[in-house]
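All remarks here apply to the structure that follows.
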C-alpha cells in the first residue's frame, strides 16, 4: 500500500522561507495534499495538487511535484510565527480512495 | 456552515472497557473517515463510511468498528480497550463529488486508557 514519508522537524527564522519535503511510494497516487495541524486542533487542508500538475501557487504557499521521483514539497514564503504547526503530506489514488498521511513535519518559527 | 463535530472531546476509560465516539459531518457530506493519531504512529486510517456502507478499511483489529446512520452521522466503537488505544481519534467528512477527496476534520476525541 501507499507509504508517505516526511522529515519530522524543521526550524526557520521568521521572515525566511520554509520548505517541507515529502516522498510517496505509490505512483498511482492521483491527488497529493498538504494539511496543517495547530496544537489542540484537527487538521486543516492547506492545498492539494493533481498529479498532472508540476506546480501550484496559492498566496504564500507553493507546491512543487516531481512525479518521476515521487517527491512533493511545500514552500511557505515569509514564514511567520503563526505558521508554527505540524504539516502533513497526504496522498490518495482516486476521489473515493482512502487518504494516507505522512508522519507530519513539526515547523518551529524562531522570532 | 457548521463544521465537523466530534463528541466527547475527552474521555478516560480503563482497560477492558469499551468506548463509543460520535461524529457529525458537515451538512451534505456523505463520506465520513476515521483516523487514530498517536505520537509514535502518526495518523493511521481506521475506516471510511459512505451512504451507511464501509467503503474503505485500514489495518486495525476487529475491536475497532464503526457505523454510519442515514443522516450521515457516524460512530466508532472500540471494545476491550488496551493501553495502546490511548490516542486522539479524528473524524473527517468529505463531499461526494468527483475530484480530490478533500477532508474536513473535527477537533478530535482524546481517549486515555488507564
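Every read-out reported here was derived from the displayed coordinates using simple, explicitly stated rules and does not represent laboratory data. The structure presented is a predicted model; accordingly, all values stated were derived computationally and were not measured. Neighbour counts are summed over all protein chains in view; Cβ atoms, including those assigned to glycine, are modelled from backbone coordinates with ideal geometry.
Values as computed for the structure displayed
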quantity	calculated
So residue B:49, is it more than 18 Å from residue B:18 (Cα to Cα), more than 9 Å from every other protein chain (Cβ to nearest Cβ) and either outside any loop (DSSP other than H, G, I, E, B) or out of contact with any helix residue (DSSP H, G or I) (no Cβ under 7 Å at 6 or more places or on another chain) (or both)	yes
Selected residue [outside any strand (DSSP E or B), under 24 Å from residue B:49 (Cα atoms), away from chain B (no Cβ under 11 Å) and touching a residue at least 60 places away in the same chain (Cβ under 8 Å)] from A:16, A:26	A:26
Residue list for the stretch A:43-57, filter: in a strand (DSSP E or B) and within 14 Å of chain B (Cβ to nearest Cβ)	A:43, A:44, A:45, A:46, A:47, A:48, A:49, A:50, A:56
One residue from A:69, A:78 being more than 14 Å from every other protein chain (Cβ to nearest Cβ), at positive phi and not in a strand (DSSP E or B)	A:78
From the options B:16, B:28, residue that is more than 9 Å from every other protein chain (Cβ to nearest Cβ), in a loop (DSSP other than H, G, I, E, B), touching a residue at least 40 places away in the same chain (Cβ under 8 Å) and more than 26 Å from residue A:34 (Cβ to Cβ)	B:16
Test: residue in the stretch A:35-42 that is on the phi < 0 side of the Ramachandran plot, in contact (Cβ under 8 Å) with a residue 40 or more places away in the chain, within 15 Å of the chain's Cα centre (by Cα) and within 10 Å of another protein chain (Cβ to nearest Cβ)	yes
